[in-house]
1. Please go through region 7-27 and give me each residue that is more than 21 Å from His252 (Cβ to Cβ) and of a type in the set (Val, Ile, Thr), ordered by number.
2. Here is a list of conditions, (1) farther than 19 Å from Thr277 by Cβ; (2) of a type in the set (A, V, I, L, M, F, W, C); (3) within 26 Å of the chain's Cα centre (by Cα), and Leu15 meets all of them except one; can you say which number that is?
3. For region 497-521, how many residues meet the condition of being among the hydrophobic types (A, V, I, L, M, F, W, C) and modelled with pLDDT under 95?
4. Answer with yes or no whether Phe30 is aromatic (Phe, Trp, Tyr) and free of Cβ contacts under 8 Å to residues at least 40 places away in the same chain.
5. Name the residue that is farthest from Gly47 (Cα to Cα), counting only residues in region 264-275 that are in contact with a helix residue (DSSP H, G or I) (Cβ under 7 Å, 6 or more places away or on another chain) and not in a helix (DSSP H, G or I).
6. Restricting attention to region 602-621, which residues are touching a helix residue (DSSP H, G or I) at 6+ places or on another chain (Cβ under 8 Å), in a helix (DSSP H, G or I) and surrounded by 14 or more Cβ atoms within 10 Å (Cβ to Cβ)?
7. Looking at region 552-580 only, could you name the residues that are at pLDDT 95 or above, of a type outside the set (A, V, I, L, M, F, W, C) and assigned to a loop (DSSP other than H, G, I, E, B)?
8. Could you figure out which of (1) surrounded by fewer than 23 Cβ atoms within 10 Å (Cβ to Cβ); (2) of a type in the set (A, V, I, L, M, F, W, C); (3) in contact with a helix residue (DSSP H, G or I) (Cβ under 8 Å, 6 or more places away or on another chain) isn't true of Ile53?
Amino acid sequence: MDLRSIQHPDFLKVLSVKHCNELAKHIRAFLIDNVSKTGGHLSSNLGVVEVTIAMHKVFDSPKDKLIFDVGHQSYVHKILTGRADRFLTLRQYEGLSGFNKRSESVHDVWEAGHSSTSLSAALGMAVARDLNHENHHIVALIGDGSIINGMAFEALNHIGELGKNIIIIFNDNNMSISKNVGAMSNAFARLRASKPYNTLKQDVKDVLKTNVVGSSVLKGITAVRDTLKSHIVDSSIFGELGIEYLGPVDGHSLKELIRAFETAKEHQGPIVIHAITSKGKGYTPSESDKDGSWHGVNQFDPDTGILNNNLPPSHSSWSAIYSETLVRLAKHNPKITAITPAMIGGSKLERFFELFKDRSFDTGIAEEHAVTFAAAMALEGYRPFLSMYSTFLQRGYDQINHDVCRMDLPVVFGVDRAGLVGEDGDTHHGVFDIGILRPLPNLVIATAKDADEAQDMLFTAFNQKHPFAIRYPRGSAPFQPKAELKEIRVGQWEILNKNIESKAVIIGYGPDVERILQKTTINDLPISIINARFIKPLDEDMIKEIASWQLPVFVYQPDLEMGGLASAILEFLAKEHLSLDCTPIGLKDEYIPHGAVGILRKKYGIDINSLFEQVLKVIGE
């Protein structure tokens, strides 16, 4: 079957289960082939092929609302809704998004790049449906990694209270990005291994093989499920909340899935269908992955499974630079701990977790909890390093404010993937953290220009007693462990090339400072470069000195301009009644789409060449 010829999922209605199984094989081969060329989220999509086919066979999208949590597991949905012919543009600028996108298709009814929003969205849609006296189904597909998040729990509580007709497909593969953690995950693992569970699994299979449907199936499954009343699935979570439970169902058996979904359609009130799946199903490298390497991948060789990491010799990723330095510091300071919300691999903390097992904590997808957990640990004399992506840090903002900064606790935040991140797009660009963190009292915000300064910056963070956020981008840099780490005075900027012949000043931060300096030096340009390595506090003495030079100043910030470094400088100048010819260069007040970082920077005028075009135009060079 040519998947590119699919225009609408209606064709599935007349397709036999046998032909649906053949379709599943075609889709898996298509995903492996295409994602090997574009990169993307592979394992999660391979794991939901049958689930997604069954959803579209039983339900009527877009009348019935199909919600995917998180949107990265919607590739099969995109194929079945007529987008296979555009898959080679996946995650590329002006191409298909790697997540659901309402502007792409009427079948994308909800957008999400962060986990655990689906159940709240489903309930909101269900309430609106009933207020409008409409008649359609709301179906939310949520994974076992996402359902442990507090927001999902809040939604389940409200769903049980309101009792609206909602179908929740619980995709249980014992993995989120890496292996799941936590008491709930352990309870599900015990359940899967238990004798009553496996007896029930066979009983459910037998019931689903019968010709009856709807309430008869549910009644039969409920009867054989009574042996599990003491287990977490039925009594502690779903059952006690007033949400009916149907399962367990083989998430790779289209026959079982279709019967279960048809039964759920007949049920009145909220119902959970517990589908057991295998993440990465059908492709050995991803199916055997235990550390999340195949969750989101770059290009790879589909025949050998060799990933193309494109890391130059002697380079390390920024995440690895900070994690290796953290290990070095922790060897001498037994109070240093590491915390991450389900991102051990992404944050390159594997070695720390291996060496310091009793000081390593993966909280699961629970950013809010992770921050307050770190705050309490700091209150008791420990020095937590909390690593999370900039885009996920937003989810713990109230806790950073209320629990860390307000009590002035020395938590060190590793703000990973700061700045534009490229192909994951507007839900993942780390361009907002400066604007939301800068107003918080007691918090230091810093970013290093190179690996040497990064090592010193982390050393500095652990040698002071305030909340300290270190931003670092996606990507890599030349890295060699320093023989001796040095403390940087908090708030101190540096002039990299003061030139008495200067005609302009560029103030910047992060790795771009090195690139700006190189371009200035190679072309022998009369421009002074300032490394504003502390965004908060500002180096007020240096700003006063720069103002005294009476030169045009360009503040280069590859993040959101509003609330950024230039805003901070201009606020200080206004307070001190100082004048400065200042030109901010940054992202404007809009969301940035997905695409390669280089393309996006040029498109939005924050690439190095665009910066120098503006500078040289002003100084007449």
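1. Val14
2. (3)
3. Total meeting the criteria: 1.
4. No: the conditions fail for Phe30.
5. His267
6. Lys602, Ile608, Ser610, Leu611, Phe612 - these are the residues of region 602-621 that are touching a helix residue (DSSP H, G or I) at 6+ places or on another chain (Cβ under 8 Å), in a helix (DSSP H, G or I) and surrounded by 14 or more Cβ atoms within 10 Å (Cβ to Cβ).
7. Listed by number, the residues that qualify are Pro552, Glu561, Gly563, Gly564, Glu576, His577.
8. Exception for Ile53: condition (1).
The values are calculated or read from the model by the stated rules, or taken from the named source; none is laboratory data. Computed from a predicted model, the values in this text were never measured in an experiment. Positions of Cβ are backbone-derived with ideal geometry, glycine not excepted, and every protein chain shown enters the neighbour counts.
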